[in-house]
1. Quick check on I43: is it touching a Gly at 6+ places or on another chain (Cβ under 9 Å) and at pLDDT 95 or above?
2. If only one of E45, E54, E82 is under 17 Å from A13 (Cβ atoms) and touching a residue at least 12 places away in the same chain (Cβ under 8 Å), which one is it?
3. Taking the condition surrounded by 14 or more Cβ atoms within 10 Å (Cβ to Cβ), touching an Asp or Glu at 6+ places or on another chain (Cβ under 6 Å) and either at positive phi or among the β-branched types (V, I, T) (or both), does V99 pass?
4. Which of the residues that make up the range 41-61 are basic (K, R), over 17 Å from I73 (Cβ atoms) and in a strand (DSSP E or B)?
5. Hey, could you check the range 18-44 for residues that are closer than 19 Å to V102 by Cα and aliphatic (A, V, I, L, M) and say which is surrounded by the fewest Cβ atoms within 10 Å (Cβ to Cβ)?
6. What residue, among those in the range 46-67 that are of a type in the set (D, E, K, R) and more than 12 Å from the chain's Cα centre (by Cα), is surrounded by the fewest Cβ atoms within 10 Å (Cβ to Cβ)?
7. Just to verify a result, which residue in the range 74-117, among those that are of a type in the set (D, E) and under 12 Å from the mean Cα position of the chain (by Cα), is nearest to I40 (Cα to Cα)?
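The values are calculated or read from the model by the stated rules, or taken from the named source; none is laboratory data. Just so you know, these numbers come straight off a predicted model, no measurement behind them. All Cβ positions, even for glycine, are placed from backbone atoms using ideal geometry, and neighbour counts span all protein chains on display.
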Amino acid sequence: MSGSVGYHAGLSAEQSVGNRYMEAGYRIAANRYRGSGGEIDLIAERDGELVFIEVKKSKTHAAAAARLLPRQIARLFATASEFLASMPNGQDTNSRFDVALVDGAGRVDILENVLAA
């Protein structure tokens, strides 16, 4: 996939995932939140709980999952920590990490609370 095509496919996947969360009653608090150490694709909120969402798109869900590497997970945690520091309850804010896998046909598989620090 070329850079531009991949970029737009990623945006489309993120929008599709964001729509799924909104349908489930979440509010999208941030799209492509950028901290000093990296980026979080989506941050959703519902009833005081924050959900940090990493979106991975590939031909299959398995291939998408394989693209999430330990170094990237560490950056996600660091970036989420930065975001939480801005919240009234700071690091005590109820939160979780989800990974949303999007395959070549646009099917979304959300793995809730799959990453743990």
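1. Details: touching a Gly at 6+ places or on another chain (Cβ under 9 Å): no; at pLDDT 95 or above: yes.
Answer is no for this residue.
2. Values: E45 fails: under 17 Å from A13 (Cβ atoms); E82 fails: under 17 Å from A13 (Cβ atoms).
After ruling out the rest, the residue left standing is E54.
3. Numbers: surrounded by 14 or more Cβ atoms within 10 Å (Cβ to Cβ): yes; touching an Asp or Glu at 6+ places or on another chain (Cβ under 6 Å): yes; either at positive phi or among the β-branched types (V, I, T) (or both): yes.
When the stated conditions are applied, V99 passes them.
4. Residues of the range 41-61 basic (K, R): 46, 56-57, 59.
Checking which are over 17 Å from I73 (Cβ atoms) leaves us with 46, 57, 59.
The answer is R46, K57.
5. Among residues in the range 18-44 that are closer than 19 Å to V102 by Cα and aliphatic (A, V, I, L, M), the one surrounded by the fewest Cβ atoms within 10 Å (Cβ to Cβ) is A24.
6. Step one: of the range 46-67, the residues of a type in the set (D, E, K, R) are 46-47, 49, 54, 56-57, 59, 67.
If we keep only those that are more than 12 Å from the chain's Cα centre (by Cα) too, we end up with 46-47, 49, 59, 67.
Numbers: R46: 14, D47: 7, E49: 12, K59: 11, R67: 12.
So the residue we want is D47.
7. Restricting attention to the range 74-117, the residues satisfying the condition of being of a type in the set (D, E) are 82, 92, 98, 103, 109, 112.
From what is left, the residues that are under 12 Å from the mean Cα position of the chain (by Cα) are 98, 112.
Working: D98: 11, E112: 15 Å.
Among those residues, the one meeting the criterion is D98.
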